[in-house]
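Colleague: Structure provided below as structure tokens; questions to follow.
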Amino acid sequence: MNEQIKQIAERLVGLRDALEITPEEIAKVCNLSVEEYLKLESGTVDISVSVLHQISQAYGIELTTLMFGDEPKMSSYYVTRKGKGVAVERVKAYKYQSLAAGFLNRKADPFIVTVHPTPEGTPIHLNTHPGQEFNLILSGHLLFHINGKELQLNEGDSIYFNSALPHGMKTLGDEKVRFLAIIM
């Protein structure tokens, strides 16, 4: 696994230690078995944004703090210049760029997400997390799976959905897809 996933895993361990949370407690929050959760802390498996979102909501920590390690500082406004958002590439297929990492007490987490093409036949990985999500396709073509339904989304299309429903995506074609994702 890459270095960024190992760093996220270390932040999870640090959070658990600081708040004196047992692996059993945090696994329950994530709807995972203790063994599955401890694999996340090992830094050897991918950690989904949906799991990080569940942890951030349950323990009152900013999602971007878990993802990127930076503490938010601004409370009146925060500007992210083009191409300058704090970024993490969880796995080779997905890159998240935070657009509000420095804003304190956010009500939503906006990201630019880049999805790279995957080999034909690669299954769509489904996630769930509390709240709602808005995605606006900035470029490319995306196959979006939500609650058993598949939708084709193209540049300029958007979707607003209940993120507690199983959802996931993959590119259509050979070009990467970029979209604005706002998690609330």
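Colleague: Go through region 54-85 and count every residue that is in contact with a strand residue (DSSP E or B) (Cβ under 6 Å, 6 or more places away or on another chain), more than 17 Å from Lys6 (Cα to Cα) and open to solvent by less than 40 Å² (accessible area, probe 1.4 Å).
Modeller: Adding up the residues that qualify gives 2.
Colleague: Let me ask another. Within region 1-43, track down each residue that is under 26 Å from Met169 (Cα atoms), of a type in the set (Val, Ile, Thr) and in contact with a helix residue (DSSP H, G or I) (Cβ under 8 Å, 6 or more places away or on another chain).
Modeller: Ile8, Val29
Colleague: Same structure, new question: Residues that are among the β-branched types (Val, Ile, Thr) and open to solvent by less than 30 Å² (accessible area, probe 1.4 Å), at least 1 per element: which strands (runs of 3 or more DSSP E) completely within region 139-178 meet that?
Modeller: 141-146, 158-162, 167-171
Colleague: So which residues in region 8-33 are part of a helix (DSSP H, G or I), at pLDDT 90 or above and open to solvent by 80 Å² or more (accessible area, probe 1.4 Å)?
Modeller: Once the filter is applied, which keeps residues that are part of a helix (DSSP H, G or I), at pLDDT 90 or above and open to solvent by 80 Å² or more (accessible area, probe 1.4 Å), region 8-33 yields Glu24, Glu25, Lys28.
Colleague: For region 34-46, which positions are over 25 Å from Ala164 (Cβ atoms) and open to solvent by less than 50 Å² (accessible area, probe 1.4 Å)?
Modeller: The initial filter retains those residues of region 34-46 that are over 25 Å from Ala164 (Cβ atoms), namely 42-44.
The answer is Gly43, and nothing else.
Colleague: Go through region 102-124 and give me each residue that's in a loop (DSSP other than H, G, I, E, B) and not hydrophobic (A, V, I, L, M, F, W, C).
Modeller: Scanning region 102-124 gives Gly102, Asn105, Arg106, Lys107, His116, Pro117, Thr118, Pro119, Glu120, Gly121, Thr122, Pro123.
The values are calculated or read from the model by the stated rules, or taken from the named source; none is laboratory data. Computed from a prediction, not measured in an experiment: that's the story for all the values here. Don't worry about glycine lacking a Cβ; one is built from the backbone with ideal geometry, like all the others, and counts go over all protein chains shown. Heads up: the accessible areas ignore ligands, DNA and RNA and are worked out on the full protein's heavy atoms, side chains in. Shrake-Rupley method; radii C 1.70, N 1.55, O 1.52, S 1.80 Å.
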